[in-house]
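First comes the structure, then the notes that go with it.
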Amino acid sequence: DQQVKQNSPSLSVQEGRISILNCDYTNSMFDYFLWYKKYPAEGPTFLISISSIKDKNEDGRFTVFLNKSAKHLSLHIVPSQPGDSAVYFCAARSFAGTDKLIFGTGTRLQVFP
Amino acid sequence: DSGVTQTPKHLITATGQRVTLRCSPRSGDLSVYWYQQSLDQGLQFLIQYYNGEERAKGNILERFSAQQFPDLHSELNLSSLELGDSALYFCASSVVGQGHEQFFGPGTRLTVL
């Protein structure tokens, strides 16, 4: 049962343009959503998060949007840079005695010049 | 550098063997999580320890076990290894109750031959 889904395994974007990564979830009990970036041979690095009581959170070039009615969130990167090329994981937390994270399968972003 | 360390970085072993993966959390973090990432999959939660006590279990096989020691480092023990256990194993840590971000170590790549 995949509670967090990233349906696009890959995305290719030109440098300077916007990258939009999408994530869908099924569990309405999730209270936090997070985005992690992962380079090869490294662990995931926390990027940005959003509480379920908000619909937008912004940090520099990164903005996360949450649409609770659609159970959908997206990560916008503007402008995209070659260094953003990595695998991006969406994760969700359901705080019910534990704060374990449930991850999507990731989207590989490639930013080309 | 997340501040979470994992050893060893790589481990190659044979089926039927037993291995121990080690994790040191960030200074001050009481909670340790273990995740498994198989090929082209998202991270799957295995188990969480908080201040020495098991807090939550995910899809962890009975052949796997973990513990957290008084100095807060954690070990994940994998026994009777099978080919399908080959994966990346990540440890993460957090300060439970003061944030939802988890900080990941660089991972241990386990190859079972």
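Before moving on, here are some points about what is shown:
- Looking only at residues in segment B:33-52 that are in contact with a Gly (Cβ under 9 Å, 6 or more places away or on another chain) and surrounded by fewer than 16 Cβ atoms within 10 Å (Cβ to Cβ), the one that is nearest to residue B:67 (Cα to Cα) is B:38.
- Only a single item in (1) assigned to a loop (DSSP other than H, G, I, E, B); (2) under 20 Å from residue A:89 (Cβ atoms); (3) not charged (D, E, K, R) is not met by residue B:88, and it is number (1).
- Test result for residue A:43, without any contact (Cβ under 8 Å) to a residue 40 or more places away in the chain, over 14 Å from the mean Cα position of the chain (by Cα) and either at positive phi or within 11 Å of chain B (Cβ to nearest Cβ) (or both): yes
- Strands (runs of 3 or more DSSP E) enclosed by segment B:20-73 - at least 1 residues per element that are within 13 Å of chain A (Cβ to nearest Cβ) and without any contact (Cβ under 8 Å) to a residue 40 or more places away in the chain: B:44-50, B:53-57
Residue by residue, here is whether (1) over 21 Å from residue B:40 (Cα atoms); (2) of a type in the set (Phe, Trp, Tyr); (3) surrounded by fewer than 16 Cβ atoms within 10 Å (Cβ to Cβ) holds:
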site	(1), (2), (3)
A:59	yes, no, yes
A:64	yes, no, no
A:79	yes, no, yes
A:85	no, no, no
A:90	no, no, no
A:99	yes, no, no
A:110	no, no, yes
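- Only one of the listed residues (A:53, A:20, A:48) is loosely packed, with under 12 Cβ neighbours inside 10 Å and more than 9 Å from every other protein chain (Cβ to nearest Cβ). That residue is A:53.
- Within segment A:87-106, residues that are free of Cβ contacts under 8 Å to residues at least 12 places away in the same chain have Cβ atoms under 8 Å from residues that are in a strand (DSSP E or B) and hydrophobic (A, V, I, L, M, F, W, C) in these pairs: A:97/B:56; A:98/B:56; A:100/B:45; A:100/B:56, counting only partners at least 6 apart in sequence or on another chain.
- Only one of A:32, A:36 that is hydroxyl-bearing (Ser, Thr, Tyr), within 11 Å of chain B (Cβ to nearest Cβ) and either in contact with a helix residue (DSSP H, G or I) (Cβ under 7 Å, 6 or more places away or on another chain) or over 21 Å from residue A:9 (Cα atoms) (or both): A:32
- Screening segment B:74-113 for residues that are charged (D, E, K, R) and free of Cβ contacts under 8 Å to residues at least 40 places away in the same chain and picking the one that is nearest to the other protein chains (Cβ to nearest Cβ) gives B:101.
- Test: residue in segment A:91-98 that is more than 16 Å from the chain's Cα centre (by Cα), aromatic (Phe, Trp, Tyr) and within 21 Å of residue B:42 (Cα to Cα): yes
- Close pairs from segment A:60-73: first closer than 14 Å to residue A:49 by Cβ and in contact (Cβ under 8 Å) with a residue 24 or more places away in the chain, partner of a type in the set (Gly, Ala, Ser) and in a strand (DSSP E or B), Cβ under 8 Å, at least 6 apart: A:64/A:49; A:64/A:74
- Conditions (1) aliphatic (A, V, I, L, M); (2) at pLDDT below 95; (3) exposed (fewer than 13 other Cβ atoms within 10 Å of the Cβ); number of the one not met by residue B:61: (3)
The values are calculated or read from the model by the stated rules, or taken from the named source; none is laboratory data. Everything numeric in this text was worked out from a predicted model, so none of it was measured. Neighbour counts run over all protein chains shown; Cβ positions are idealised from the backbone, glycine included.
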